[in-house]
Amino acid sequence: MQAFRPALLIAAIYGVAGLLWIFLSDALLAGLAGENAAELTRYQTLKGSAFVLATALLVYWLVVRALRRQAEAERSLRDSEARFRAIFDHALDGIALAGTEDKRFVIANASFLRMTGYSPEEMPGLGISAIHPAADLPHVVAQFERQARREIVLARDIPVLRKDGSVFQADVNSWPVTVGGKSYLLGVFRDVTERNRTEDQLRKLFLAVEQSPESIVITDLEPRIEYVNAAFTRVSGYSREEALGRNPNMLQSGQTSAETHRGLWAALVAGDIWQGELINKRKNGEIYTEWASISPVRQPDGRITHYLAVKSDITERKRMDAELARHRDHLEELVNERTAALARANRELESFSYSISHDLRAPLRAINGFAQILIEDRRDSWKDEDRNHLDRIVLASNRMGQLIDDILEFSRISRAEFEMAAVDMGGLAQACLHDLAADYPAAQVDIGGLPAATGDAAALRQVFANLIGNALKYSSKKDSPRIEIGAREAEGETVYFVRDNGAGFNMEYAQRLFGVFQRVHTDAEFPGTGVGLAIVKNIVERHGGRVWAEAAKDEGATFHFTLDGR
């Protein structure tokens with residue numbers, strides 16, 4: 001009907017003008033002609049000609065006017081269509097038209113096709129169910145129908161399914177439109193996946209800042225407080241409302257030095273970070289200490305617009321530090337006292353060692369000497385029992401002398417200062433074996449590869465001397481005594497060992513062996529003082545290592561040790 005409006009308008013104007021002409025012109029001609037018929041005929045002819053001419057001109061003007069308006073309307077429509085097409089084709093947002101009844105797409109722009117991954121040929125006829133996850137489809141359809149009824153315009157966070165199966169979130173603005181008598185829904189899709197991700201990150205950041213155990217304050221350049229977190233209100237006692245808009249100097253106690261404040265502002269003005277201690281005052285007047293890190297906040301163009309302060313309440317830590325310092329001073333006093341006592345004990349031990357060396361050795365030498373004289377000078381006059389007693393006196397004095405030597409050596413080792421250097425462990429073992437092997441010619445000794453170590457060469461030689469000497473002694477009663485000296489790597493450390501096939505011992509005695517005067521065999525079986533393994537343990541532990549034994553009775557023993565904690 002809209003298309004026929006110009007024709008109806010022209011017909012109406014023409015009809016009105018014609019009727020007015022007839023009625024008015026007939027009355028006028030009748031008045032002019034009177035009773036003269038010829039004159040009336042002439043006037044009517046002129047009237048008809050004038051009417052035809054006038055109406056022709058009127059029709060021409062009306063048609064031209066109508067055509068001009070139609071042309072303008074068509075041009076305006078073309079311009080509008082061109083603008084719409086340009087917007088439709090070049091819009092960054094996806095635009096699609098779908099029928100409200102069948103819910104199938106009719107057309108979509110390039111952005112929508114790019115969003116969903118479909119080609120221009122695939123889109124027409126595609127149902128909305130194809131671009132939404134099945135689980136979300138009921139919600140999507142409900143939103144679609146509400147938009148078609150004009151109940152809502154914007155549907156937020158609608159999940160959209162791409163052709164490749166991936167999903168993105170979109171805000172959809174839709175309006176119902178009618179084209180060719182059919183109802184459609186014109187939808188504008190905006191991908192908000194990145195926006196939602198950013199908002200989620202900002203939300204997490206806000207929660208992290210808000211829930212941080214550290215006080216966080218943001219000020220402008222004045223500086224006026226623009227933000228404080230919950231920790232600030234808890235530590236300072238000021239509520240957000242009381243803090244916002246105020247200068248942070250409201251916390252000053254007057255106990256922070258002016259030099260500290262000058263250094264703080266000098267760093268911030270220079271665009272640097274300032275860190276240090278501030279002695280502040282809570283709302284209730286209580287003094288507390290904070291460790292503060294204050295930094296400028298720069299915009300992307302480099303301008304500093306705000307300051308950020310992250311502060312930790314270290315009042316309790318400072319109190320504990322002071323308490324620890326007090327205890328440390330007390331402990332240092334105790335250590336100094338114990339060190340002095342140990343030094344006195346060492347001096348007394350040295351004196352005791354000197355006493356043993358001189359005061360006990362002399363009587364022993366006398367006893368041994370007189371016993372030897374009695375045995376040699378009166379050998380034939382002594383009864384067997386008497387001679388046996390004298391032999392036992394000599395043996396006991398010799399054993400006592402050896403025991404004194406071992407005790408003195410143990411004391412010396414305990415007090416000796418070690419000179420740490422690289423040590424050829426293989427060479428040490430060979431040297432010790434050379435000194436000891438002559439007394440045990442039947443023993444078969446194998447020395448494997450021994451890695452070098454760091455330690456005191458003389459002390460480590462004593463370790464090998466004791467371990468190899470014990471191995472030779474306790475295997476000497478075997479028909480084929482065998483000794484193995486070697487090393488292995490175990491759990492990142494070098495373990496040295498001396499193994500024999502001798503008398504062995506029950507493992508229940510394994511720990512007791514390394515104590516002073518501790519033995520598992522009698523002198524009658526194997527002579528000894530029970531000090532050698534104690535010396536080994538002392539030396540190894542002073543090298544940061546450990547020593548242990550594995551054995552079985554009559555099946556031999558293996559002694560292991562490490563150095564430097566390796």
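The values are calculated or read from the model by the stated rules, or taken from the named source; none is laboratory data. Just so it is clear, the model here is predicted, and its values are computed rather than measured. So basically every Cβ, Gly included, is an ideal-geometry build from the backbone, and we count neighbours across all protein chains shown.
Among the residues of region 166-175, is any without any contact (Cβ under 8 Å) to a residue 12 or more places away in the chain, within 18 Å of Lys103 (Cβ to Cβ), hydroxyl-bearing (Ser, Thr, Tyr) and assigned to a strand (DSSP E or B)? Working first, answer last.
Just the residues of region 166-175 that are without any contact (Cβ under 8 Å) to a residue 12 or more places away in the chain, to begin with: 166.
Restricting the remaining residues to those that are within 18 Å of Lys103 (Cβ to Cβ) gives none.
No: region 166-175 contains no residue that is without any contact (Cβ under 8 Å) to a residue 12 or more places away in the chain, within 18 Å of Lys103 (Cβ to Cβ), hydroxyl-bearing (Ser, Thr, Tyr) and assigned to a strand (DSSP E or B).
Taking only region 268-278 into account, find how many residues are assigned to a loop (DSSP other than H, G, I, E, B), surrounded by 11 or more Cβ atoms within 10 Å (Cβ to Cβ) and among the small types (Gly, Ala, Ser).
Just the residues of region 268-278 that are assigned to a loop (DSSP other than H, G, I, E, B), to begin with: 270-273.
Subsequent filtering for residues that are surrounded by 11 or more Cβ atoms within 10 Å (Cβ to Cβ) retains 271-273.
Filter once more, keeping what is among the small types (Gly, Ala, Ser): 271.
Residues that pass the stated criteria total 1.
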| said: Taking the criterion of being free of Cβ contacts under 8 Å to residues at least 40 places away in the same chain, loosely packed, with under 11 Cβ neighbours inside 10 Å and within 29 Å of the chain's Cα centre (by Cα), would at least one residue in region 283-297 satisfy it? | reply: no
| task | Restricting attention to region 454-485, report how many residues are buried (at least 22 other Cβ atoms within 10 Å of the Cβ), out of contact with any His (no Cβ under 6 Å at 6 or more places or on another chain) and of a type in the set (Gly, Ala, Ser). | result | 2
| query | Out of the residues in region 476-502 that are at pLDDT below 90 and polar (S, T, N, Q), which is nearest to Gly544 (Cα to Cα)? | reply | Ser476
| remark: Residues in region 133-161 that are touching a Pro at 6+ places or on another chain (Cβ under 9 Å), among the hydrophobic types (A, V, I, L, M, F, W, C) and surrounded by 14 or more Cβ atoms within 10 Å (Cβ to Cβ) total 4
| message | When the residues of region 436-453 are narrowed to those that are closer than 20 Å to Lys478 by Cα and of a type in the set (A, V, I, L, M, F, W, C), which ends up surrounded by the fewest Cβ atoms within 10 Å (Cβ to Cβ)? | response | Ala438
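Looking for whichever is out of contact with any Phe, Trp or Tyr (no Cβ under 9 Å at 6 or more places or on another chain), without any contact (Cβ under 8 Å) to a residue 24 or more places away in the chain and not assigned by TED's automatic domain parsing to the domain that holds Tyr307 here; the options are Gly245, Gly181. Which one fits?
Values: Gly245 fails: not assigned by TED's automatic domain parsing to the domain that holds Tyr307.
Only one candidate qualifies: Gly181.
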| task | Please verify whether region 105-123 includes one or more residues that are touching a Ser or Thr at 6+ places or on another chain (Cβ under 9 Å) and more than 29 Å from Asp164 (Cβ to Cβ). | result | no
| field | Output for region 184-210, where each listed residue is in contact (Cβ under 8 Å) with a residue 12 or more places away in the chain, of a type in the set (D, E, K, R) and within 27 Å of Ile95 (Cβ to Cβ) | value | Arg190, Asp191
| Looking at Asp102, is it part of a helix (DSSP H, G or I), more than 44 Å from the chain's Cα centre (by Cα) and surrounded by 11 or more Cβ atoms within 10 Å (Cβ to Cβ)? | no
| request: At least 3 residues that are more than 47 Å from the chain's Cα centre (by Cα) and in the same structural domain as Arg546 (by TED's automatic domain parsing) in each: list the strands (runs of 3 or more DSSP E) lying fully within region 434-520 that qualify. | output: 444-447, 482-490, 493-500
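Please work out if Ala130 is surrounded by fewer than 13 Cβ atoms within 10 Å (Cβ to Cβ) and in a helix (DSSP H, G or I). Full working, then the answer.
On the way: surrounded by fewer than 13 Cβ atoms within 10 Å (Cβ to Cβ): no; in a helix (DSSP H, G or I): yes.
The answer is no for Ala130.
Answer yes or no as to whether Asn284 is in a strand (DSSP E or B) and closer than 20 Å to Glu316 by Cα.
Values: in a strand (DSSP E or B): no; closer than 20 Å to Glu316 by Cα: yes.
In short, no.
Out of the residues in region 314-333 that are touching a Ser or Thr at 6+ places or on another chain (Cβ under 7 Å) and in a helix (DSSP H, G or I), state the one that is surrounded by the most Cβ atoms within 10 Å (Cβ to Cβ). Break it down into steps so the answer makes sense when it comes.
Pass one, region 314-333, residues touching a Ser or Thr at 6+ places or on another chain (Cβ under 7 Å): 314-315, 318.
Cutting the leftovers down to in a helix (DSSP H, G or I) gives us 315, 318.
On the way: Thr315: 17, Lys318: 15.
Filtering first and then ranking leaves Thr315.
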